[in-house]
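Shown next, in structure tokens, is the structure this report addresses.
Each reported figure results from applying straightforward, stated rules to the coordinates on display, with no laboratory input. Every value quoted in this text rests on a predicted model; they were computed, and no experiment measured them. Here the Cβ is made from the backbone with ideal geometry for all residues, glycine too, and neighbour counts use every protein chain on show.
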Amino acid sequence: MSDVPVARTSQSALEIGITMEEFHGPHVKPPREGHLAIDWSGPTARCKSVRVRGHTCECLPTVYELCAAGGLGHIRRTEKLAKGDRVSESPWLREAEVKHLWRNLLEGDAR
Ligand SMILES: [Zn+2]
């Protein structure tokens, strides 16, 4: 009764074609010189039904999520600190603007 199929999980992940990149999610690039400083503020809890459209890799100490709610979007930042998570939000923007900001964040042009 002791032959627990430990290896099976990773094997099936390979079988369905998950690459490590997809498994991890994108890593944000280091901020470039002259990057846009995002006006982060405390979480507003403005809308309860927020959909997460994308997120950066959870292996890094700061995780960013692209959130959409009520026709607007924003980026949520979670910093994993020793005393717990600190969550902040970018300004709420129109969908096209927040997608642009998300791309800039990933590329190191905004932080
Ligand atoms: Zn990673």
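Summary table
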read-out	value
Ala37-His100 FRET efficiency (beta carbon distance; Förster radius 22 Å; 0.05 resolution)	0.90
Local electrostatic count, Arg51, Cβ distance below 13 Å [Lys/Arg +1, Asp/Glu -1]	+1
Projected area, mean over directions - the stretch 27-107, Cα convex hull, nm²	5.6 nm²
Lysines with Cα under 20 Å of Lys80, excluding same-chain neighbours fewer than 8 positions away	Lys29
